[in-house]
RNA sequence: GGCGGCGUAGCCAAGUGGUAAGGCCGAGGUCUGCAAAACCUCUACCCCCAGUUCGAAUCUGGGCGCCGCCUCCA
């Protein structure tokens, strides 16, 4: 069985073969840091974390590079509004990114790259593109000439003429073609700038990812990923400038995740309908949110709903219970069904990282584990492949008061004073949020949220 | 207008040619002092119409409804 993934470049599922055996060079487009991350970001980073973990599980060494766009118009605007230095603003939101995303059990990237640390590499690339006639100077700007890249539109399947006829041409625009995009942008007064052969300015958005991906991973990488909305123009432009510069294919596989929608609309910064990750994490723990996001195949739209999120929390708790309750040490003998289900799990993951299906398999396995008390270690291992079952051994404690109530209830129950024991059980549940379960091995307590 | 995607049970959601995974909710049951947890059982004319095929949720054509990209957005 071999690993297949949907390459949005071809629009088809393809067998995954890395350029160098056992190594995957993976570049993921990060965020522009001028605001807090929302659920759309959460989905992208959780999805590709899942992809990365599975590749690692299959034995690949994954070099995972992710950027922060820490200079751009919106950052400058926000910083200006806040009367703040743009660097302070971007730093603040980079920190916020880590705070939020870490709580979703996303592994840290092998390398995080900040756009402003790669000005030199970007300028080198721009110079090269000007020299080869792929870019031109227009006032203080440098633009990429789309018409000189014959394959423009090959990723997003757009036809250049259609694109151009759809664009409003602004008379003041110095671009030769309306589809051309800016590689270097002249600084207006009061804007941050870097010195360059073309005057004071800052890099355009697209050039950073090309420069950073190449610097960190090489001219041709294995996987380049991001949200569906980045396909055009961002990734299309990355291809155009990178391939014009090197003459080589930029990325072998392109992966794009589907949107998170809310009220049937895309959740986005510009529509102002986004829900911040940190706000959701007030209501539900990070692993539950992660689980919720993984329950829909990564390419499909995910319609966010709070009841759905609560449902995920509840069902994840069942999986966690099983792994906590049953012996997780490896045993040589376990039911045949477990082996079969493990294969089914891998088949699902091999088929374009279908975590949604794989989770279904986990629930089938759950039943076997709960009925036979065997195979919990396999369930645990597979859940961990998806980044689940974190902090299982974190021991919770209850106050002395609750401890005493539990003890009193046990005494009442032992002396068959059921009225009193039930009263105490209800009190613990309703007043203290602690639910008791009488099992063969004595009473267990559990917090309910 | 161009390009792409989606429509599966009360809700969420896999499945892309072999006769519908899984979760939540609901009903019944086993266990339990009663519960809880766990387990068992039950719940789908796969948006509509036509076609291809021995066989279609899956392929083709035509509808209807919804969404996305084409401007910054994961």
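Identify all residues within segment A:236-277 that are under 19 Å from residue A:132 (Cα atoms) and within 10 Å of RNA strand B (Cβ to nearest atom); write none if there are none. Selection gives A:237 alone.
Reported count of residues in segment A:268-283, each being surrounded by fewer than 19 Cβ atoms within 10 Å (Cβ to Cβ) and part of a loop (DSSP other than H, G, I, E, B), is 10. Residue A:233 meets the conditions (1) near RNA strand B (Cβ under 6 Å from one of its atoms); (2) free of Cβ contacts under 8 Å to residues at least 40 places away in the same chain in every case but one. The failed one is (2). It is to be established whether one or more residues within segment A:52-74 are farther than 23 Å from residue A:111 by Cβ, part of a strand (DSSP E or B), assigned by TED's automatic domain parsing to the domain that holds residue A:118 and free of Cβ contacts under 8 Å to residues at least 24 places away in the same chain. No, the conditions are met nowhere in segment A:52-74.
Just one residue in the set A:293, A:289 is near RNA strand B (Cβ under 10 Å from one of its atoms) and outside the structural domain of residue A:369 (by TED's automatic domain parsing); that residue is A:293.
So, residue A:179, is that one assigned to a loop (DSSP other than H, G, I, E, B), crowded, with 16+ Cβ neighbours inside 10 Å and under 34 Å from the mean Cα position of the chain (by Cα) or not? Considered against the rule, which asks whether it is assigned to a loop (DSSP other than H, G, I, E, B), crowded, with 16+ Cβ neighbours inside 10 Å and under 34 Å from the mean Cα position of the chain (by Cα), residue A:179 comes out as yes.
Across segment A:408-437, the qualifying residues are those that are assigned to a strand (DSSP E or B) and surrounded by 13 or more Cβ atoms within 10 Å (Cβ to Cβ), and the one among them that is farthest from RNA strand B (Cβ to nearest atom) is A:434. When segment A:19-35 is filtered for residues that are assigned to a loop (DSSP other than H, G, I, E, B) and crowded, with 19+ Cβ neighbours inside 10 Å, the ones remaining, listed by number, are A:29, A:30, A:31, A:33, A:34.
Taking the condition touching a strand residue (DSSP E or B) at 6+ places or on another chain (Cβ under 9 Å) and either without any contact (Cβ under 8 Å) to a residue 12 or more places away in the chain or under 26 Å from residue A:317 (Cβ atoms) (or both), does residue A:284 pass? In short, no.
What number of residues in segment A:103-119 are surrounded by fewer than 16 Cβ atoms within 10 Å (Cβ to Cβ) and either in contact with a strand residue (DSSP E or B) (Cβ under 7 Å, 6 or more places away or on another chain) or touching a residue at least 12 places away in the same chain (Cβ under 8 Å) (or both)? Walk me through it before giving the result.
Narrowing segment A:103-119 to residues surrounded by fewer than 16 Cβ atoms within 10 Å (Cβ to Cβ): A:107-108, A:111, A:117.
Okay, now just the ones that are also either in contact with a strand residue (DSSP E or B) (Cβ under 7 Å, 6 or more places away or on another chain) or touching a residue at least 12 places away in the same chain (Cβ under 8 Å) (or both), so A:107, A:111.
The total comes to 2.
Mind listing just one residue for me: the one in segment A:363-372 that is crowded, with 19+ Cβ neighbours inside 10 Å and more than 6 Å from RNA strand B (Cβ to nearest atom) and, of those, nearest to residue A:43 (Cα to Cα)? First the steps, then the outcome.
Keep residues of segment A:363-372 that are crowded, with 19+ Cβ neighbours inside 10 Å, which gives A:365-366, A:368-369.
Cutting the leftovers down to more than 6 Å from RNA strand B (Cβ to nearest atom) gives us A:365, A:368-369.
Working: A:365: 26, A:368: 30, A:369: 30 Å.
Result: A:365.
Test of understanding: among A:360, A:387, which residue is more than 9 Å from RNA strand B (Cβ to nearest atom) and either part of a helix (DSSP H, G or I) or in contact (Cβ under 8 Å) with a residue 24 or more places away in the chain (or both)? That would be A:387, the only listed residue that is more than 9 Å from RNA strand B (Cβ to nearest atom) and either part of a helix (DSSP H, G or I) or in contact (Cβ under 8 Å) with a residue 24 or more places away in the chain (or both). Looking at this structure, is residue A:219 within 30 Å of residue A:352 (Cα to Cα), part of a loop (DSSP other than H, G, I, E, B) and free of Cβ contacts under 8 Å to residues at least 40 places away in the same chain? For residue A:219, the condition - within 30 Å of residue A:352 (Cα to Cα), part of a loop (DSSP other than H, G, I, E, B) and free of Cβ contacts under 8 Å to residues at least 40 places away in the same chain - is met. Within segment A:14-52, being under 18 Å from residue A:296 (Cα atoms) and within 12 Å of RNA strand B (Cβ to nearest atom) holds for A:38, A:39, A:40, A:41, A:42, A:43, A:44, A:45, A:46, A:47, A:48.
Give the residue that is nearest to the chain's Cα centre (by Cα), with candidates limited to residues of segment A:341-357 that are more than 12 Å from RNA strand B (Cβ to nearest atom) and surrounded by 14 or more Cβ atoms within 10 Å (Cβ to Cβ).
As a first pass, look at segment A:341-357 and keep what is more than 12 Å from RNA strand B (Cβ to nearest atom): A:342-343, A:346.
From what's left, surrounded by 14 or more Cβ atoms within 10 Å (Cβ to Cβ): A:342, A:346.
On the way: A:342: 25, A:346: 21 Å.
This residue is A:346.
The values are calculated or read from the model by the stated rules, or taken from the named source; none is laboratory data. Values in this document were obtained by computation on a predicted structure and should not be read as measured data. Backbone-built Cβ (ideal geometry, glycine too); neighbour counts: all protein chains shown.
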